[in-house]
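Here the structure is laid out as structure tokens; the discussion comes afterwards.
The values are calculated or read from the model by the stated rules, or taken from the named source; none is laboratory data. Model, not experiment: these values are computed from the prediction. Methodologically, a virtual Cβ is constructed for each residue, glycine included, from the backbone with ideal geometry; neighbour enumeration extends over all protein chains shown.
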Amino acid sequence: MPAAHEKKFLHALLLTGAEYDSIQKLFLAFGSYQAAWQADSHTLQNAGLDQERIAAIARARSLTKPDEEMRKLVAAGIVLSTSDEAGFPQELANIAAPPAWLYIKGRVEAKSRLAVVGTRKATAYGREAAQKIIRDLADQTDVVIVSGLAQGIDAEAHRAALASNLTTIGVLGGGMDRASFFPPENWRLAEEMVRSGGAVISEYPPGTPALPHHFLIRNRIIAGLSLGVLVVEAPERSGALNTVRYALEQGRDIFAVPGQMFSPNTIGVHRLIQDGAKLVTRAEDIVEELKLPRRTPKEKIEAALTGETEHTILQLLSEPQSVDDLKIKTNLATPEIVSCLSMLELKGFVRPMGQNRFQRIT
């Protein structure tokens, strides 16, 4: 594990645009990131770096203050985690080309995870399919939803997870600062994911643009974090299928939602099914195949409740209560109580008893 002072020099080197191969050459040559950062051009050349990379490091050295850059990370709530640290996702250690470091904003808990990927040009059918399967998964098991925070199915998967009280993780192909975040319209979604207990992660430091080849590289991380990959809509050529290839190399399970016969978005999915992917029409298909731990009845209720108000009112309804009773006991406004009771009734947790009284039925 690099010491704190070493990590700031690793971060500084990454800010120059150096990627894995260059960083490895430097570490092997110098034995420390600090020594690599401070080395002169001739020594860097002897370490095997090309002139373009040497010039980039030389320019950065005159402009970059490693301590200041680390303070910026801390202020943004971003942690630079290396593969030999306790908080690093250990599932990534055994994949091809495992990442040696990750920038992490939020928490990556050791839970069962499912990747949900698909086309950026999702249809109404694809969005609805992703929503339903994730919503039903949340009713049965506490699984983390992993995707790439792209437009289309990725964003729909993250939103459906949040709406269902599931943790969700987004893997970026660039920096996670607002200026370089891509696509920019999903910035608020990413922030909500972190606030809700999930995470946004990237191999790339803040300020790194989301270059096309970065997305293909990051797909190995989406697959590596997950027990399996669910594909919802994918045309014949799709980044989602690239994620599937990584998943197959890593021994992960592949699931596919069948689509409409005449839609170009189903060509890639149907081919996956023909090649042996498990056809999925319900969440139960995934839960059974991955042997995910099922929620107890109490856990199902907890998962379905959204917000402290629902928890409070449901607890009070162990005995029949009127709206006025609840108003006195909670100090909530009548419209808020009525709205909450309506939601609890829709979810099947309470029933009306007449005379404006309600009782819990689970």
Quick one: would you say His5 is part of a helix (DSSP H, G or I) and exposed (fewer than 13 other Cβ atoms within 10 Å of the Cβ)? no
In contact (Cβ under 8 Å) with a residue 60 or more places away in the chain, of a type outside the set (D, E, K, R), out of contact with any Lys or Arg (no Cβ under 8 Å at 6 or more places or on another chain) and not assigned by TED's automatic domain parsing to the domain that holds Asn165: is that true of Pro352 in this structure? no
Criterion first (crowded, with 18+ Cβ neighbours inside 10 Å, outside any loop (DSSP other than H, G, I, E, B) and not hydrophobic (A, V, I, L, M, F, W, C)) does Glu185 satisfy it? no
Might you let me know whether segment 117-129 holds any residue that is within 16 Å of the chain's Cα centre (by Cα) and part of a helix (DSSP H, G or I)? no
Tally time: how many residues in segment 158-175 are assigned to a loop (DSSP other than H, G, I, E, B) and in contact with a Lys or Arg (Cβ under 6 Å, 6 or more places away or on another chain)? 2
Give the number of residues within segment 188-213 that are within 19 Å of Val143 (Cβ to Cβ), in contact (Cβ under 8 Å) with a residue 40 or more places away in the chain and in a loop (DSSP other than H, G, I, E, B). 2
Filter result for the condition that a residue is free of Cβ contacts under 8 Å to residues at least 40 places away in the same chain, closer than 26 Å to Tyr33 by Cα and not in a strand (DSSP E or B), over Val79, Val74: Val74
Can you tell me how many residues in segment 249-276 are surrounded by 15 or more Cβ atoms within 10 Å (Cβ to Cβ) and in contact with a strand residue (DSSP E or B) (Cβ under 7 Å, 6 or more places away or on another chain)? 9
Is it the case that Glu128 is more than 18 Å from Glu192 (Cα to Cα), among the acidic types (Asp, Glu), surrounded by fewer than 21 Cβ atoms within 10 Å (Cβ to Cβ) and without any contact (Cβ under 8 Å) to a residue 12 or more places away in the chain? yes
Taking segment 1-35 only, how many residues are within 25 Å of His214 (Cα to Cα), aliphatic (A, V, I, L, M) and in contact (Cβ under 8 Å) with a residue 24 or more places away in the chain? 7
For residues that are among the small types (Gly, Ala, Ser) and in contact with a helix residue (DSSP H, G or I) (Cβ under 7 Å, 6 or more places away or on another chain), scanning just segment 84-111, find the one that is surrounded by the fewest Cβ atoms within 10 Å (Cβ to Cβ). Ala96
In segment 241-356, which helices (runs of 4 or more DSSP H) lie fully inside it and hold 1 or more residues that are of a type in the set (Ser, Thr, Tyr) and under 24 Å from Ala163 (Cβ atoms)? 308-316, 334-346
